[in-house]
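Encoded as structure tokens, the structure appears first; notes follow it.
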């Protein structure tokens with residue numbers, strides 16, 4: 001449970017950092033070298049957030065089958 005909370009905090013913190021960097025870069029008050037450094041940091045944060053979202057999406061798309069095993073969710077299939 002603690003790991004899930006830490007991951008959520010890390011994801012939320014990364015999103016906040018990313019938003020702060022974007023806001024700062026959009027202000028236009030950043031020296032070119034600093035802007036490049038911030039851009040690289042934002043790119044890394046964006047990649048980490050994207051990886052976490054993909055991981056969560058994969059977990060959400062799995063369901064338990066009748067035998068209790070996890071399988072991919074397919075909304076086009078029905079049990080009828």
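The values are calculated or read from the model by the stated rules, or taken from the named source; none is laboratory data. Since we're looking at a predicted model, the values are computed, not measured. Cβ sites come from the backbone with ideal geometry, for glycine too, and all protein chains shown count toward neighbours.
One residue is enough: does the stretch 54-77 have a residue meeting the conditions touching a helix residue (DSSP H, G or I) at 6+ places or on another chain (Cβ under 7 Å), at pLDDT 75 or above and outside any loop (DSSP other than H, G, I, E, B)? Even if it seems obvious, please write down each step before you answer.
Of the stretch 54-77, the ones touching a helix residue (DSSP H, G or I) at 6+ places or on another chain (Cβ under 7 Å) are none.
No: the stretch 54-77 contains no residue that is touching a helix residue (DSSP H, G or I) at 6+ places or on another chain (Cβ under 7 Å), at pLDDT 75 or above and outside any loop (DSSP other than H, G, I, E, B).
If you go through the stretch 24-39 and keep only what is surrounded by 10 or more Cβ atoms within 10 Å (Cβ to Cβ) and either in contact (Cβ under 8 Å) with a residue 40 or more places away in the chain or not in a loop (DSSP other than H, G, I, E, B) (or both), you end up with 24, 25, 34, 35, 36, 37, 38, 39.
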